[in-house]
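The values are calculated or read from the model by the stated rules, or taken from the named source; none is laboratory data. What you see is a predicted model; the values in this text were computed from it and never measured. So basically every Cβ, Gly included, is an ideal-geometry build from the backbone, and we count neighbours across all protein chains shown. Keep in mind that these areas ignore ligands, DNA and RNA; they rest on the heavy atoms of the full protein, side chains included. Shrake-Rupley method; radii C 1.70, N 1.55, O 1.52, S 1.80 Å.
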Amino acid sequence: MTGAKSVADFKQTIIRGGLESLYFTGAHLALRPFVGGVGAIVTLHHVRPPRPGSFQPNHLLEVTPAFLARVVRDLRRSGVDLISLDEMHRRMTERDFARRFVCFTFDDGYRDTMQWAYPILKDARVPFAVYVPTSFPDRLGELWWLVLEAVIGRNDRIGLVIDGQDRKFDCASVADKRALYEDLYWYLRSRPTEAEMRDIVRNLAAFYHVDIAAFCKELCMTWSELADLAADPLVTIGAHTVNHPALAKLTKEAARSEMDLSRSVIEAALSIRPQHLSYPYGDRSSAGLREFAIAAELGFKTAVTTRPGVLFAGHSRHLTALPRISLNGEYQRMRYVRVLLSGSATAMWNGFRRVEAA
């Protein structure tokens, strides 16, 4: 486990350089008529003011309220339609592509969605969706990536059994902490089963005295707060499984249960039966053809991944395998958003393949 920081920094430099190049050469405008698609779904997690501290490995999951407001204003001025998931579904199924559109979606049901994002979107009359993993408002959820951040952030040296060997890691400096987090995050994500990954995190939390439950209590909305939010017609409540697992690592029956039960729990708590689903993590290692088929069999109108891309007419045949554009905390510049929504950057990333549904 070496070189993670340099690799991560190099990757960011490449991505930022590509976005800058596409913008300042005007290539994103030249390519947009060919790769811009019919619309896009935007992914967000946290919206909150900047936090102090130099060790924030999950900063990519948060944007500032000011940045969100700028994005909304820019999209309004550009003339695209800002629409709900139901309206997006209607346009896709009826092939109504007369006007380009953007949908806003928030994963995980964080409290800052209500505190910071909602006032901005409500004032601008922008519909948005919140995908809820039901164990989070039930206060049973494990935000393990934050547990890992806390363990590394609070200690200068940690130990972990890896491949049967007791390993020790020095992490006194911020640089060492960032590198170690990157290594251990992907080590955990690579575990063959969800149970193994969760056991490792629980053991770390217990040994280093990190309260796993505290993260849900502090950061995630309660059912009462979600009910208040859902009362606004601008808001769509979507399903995001029960326990936020990598579905591809579960048996077919367990994956189906995670999707179906989350919808039933939300219906019982909010009297709303979700018609839209977000796959946890949402990358190729977490959701694929099997999960897309299960979501369709369960009757979800749409299901979204985190695979990068805009929507094309062809996605109307793959409504449970939809890509999204992430508003990433590391790239909070309007020119990056314009490039991403033009479809040019993701077209190059995807080898100019329009639909990735396998």
#### Entry: the chain, relative contact order in percent, only Cα pairs under 8 angstrom and at least six apart counted
24
### Query
Given R₀ = 25 Å, FRET efficiency for PHE207-ARG51 by Cβ-Cβ distance, to 0.05?
0.45
### Query
Using a cut-off of 27 Å between alpha-carbon atoms, which lysines can reach LYS301, once sequence neighbours fewer than 8 places away in the same chain are excluded?
LYS122, LYS249, LYS252
## Note on the structure
Computed over the stretch 129-287, the relative contact order (Cα-Cα under 8 Å, seq sep at least six) in percent reads 31
### Summary
Most packed first (mean Cβ within 10 Å per residue), the peptides 307-313, 264-270 order as 307-313, 264-270
### Query
How long is the gain from GLU94 to LYS11 if the chain were fully straight, where each residue apart is worth 0.36 nm and the alpha carbon distance is subtracted?
25.9 nm
### Query
Length gain on complete extension for the stretch GLU356 to ARG167, per 0.36 nm per residue less the alpha carbon to alpha carbon distance?
64.1 nm
### Task
Could you work out the relative contact order of the stretch 1-128, using alpha carbon pairs under 8 angstrom and six or more residues apart, expressed as a whole percent?
30
### Task
Starting from the Cα of ARG139, step 7 Å toward the Cβ, then list every residue of the stretch 202-237 with an amide N under 18 Å from that point.
211-228
### Message
At 7 Å along Cα-to-Cβ for each site, give me the label-to-label distance between ASP156 and ALA227 in nm.
### Response
5.0
### Query
Want the number for GLU20 to TYR187: 0.36 nm per residue separation, take away the alpha-carbon distance, what's left?
57.0 nm
### Task
Sort PHE207, PHE55 from largest to smallest accessible area, using a 1.4 Å probe on the heavy atoms of the protein chains.
PHE207, PHE55
### Task
State the Cα centre-to-centre distance between the stretch 203-266 and the stretch 268-334 in whole Å.
16
